[in-house]
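Before any comments, here is the structure.
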Amino acid sequence: MKIKYSKDADVCVIQLREGNLADSIDLKEGVILHLDSEGNPVEIEILDASKVVSFEEMTFSIPSLNVIDSIPVSE
């Protein structure tokens, strides 16, 4: 996932995954969900983002992989 913000255009794009954009749905005025040719979400575009998104504090939570459990142990 990638989050990009253009201060000049005041647009925030949240890319959920790689894919070619084929269609879009207006979720709300200024909030657009872009879909691939199979109808899967690819990205969310937020126009006039500074009015909708608080950029002062952003928190991300990513599930961690327990590396110890994924290493094979030889006996």
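Only the coordinates and a few stated rules stand behind these numbers; no lab work does. None of these values were measured; they are calculated from a predicted model. Glycine gets a Cβ as well: all are built from the backbone with ideal geometry, and neighbour counts include every protein chain shown.
If you take all other residues with their beta carbon under 14 Å from the beta carbon of R17, and give Lys and Arg +1 and Asp and Glu -1, the sum is -3.
Sorted from fewest to most neighbouring beta carbons within 10 Å, what does the list D8, D48 look like?
Working: D8 5, D48 14.
Going from sparsest to densest Cβ surroundings: D8, D48.
The stretch between Q15 and V52 holds 11.6 nm of extra length on full extension. This uses 0.36 nm per residue minus the Cα-Cα distance.
What is the sum of charges, Lys and Arg at +1 and Asp and Glu at -1, for the other residues whose Cβ falls under 15 Å from the Cβ of E29? So the surrounding residues net to -2.
Counting Lys +1, Arg +1, Asp -1, Glu -1, what net charge surrounds L47 among other residues with beta carbon under 12 Å of its beta carbon? Here the count lands on -3.
Largest first, the three principal axis extents of the alpha carbons in the range 10-61 are 35, 27, 14 Å in whole numbers. Taking amide H as placed 1.01 Å from N in the peptide plane, the amide H of D36 sits under 5 Å from that of A22, V42, each at least 5 places away or on another chain.
Would you mind ranking F55, F60 by Cβ crowding within 10 Å, fewest neighbours first? Please list the in-between numbers first.
On the way: F55 10, F60 6.
Ordered by Cβ neighbours within 10 Å, fewest first: F60, F55.
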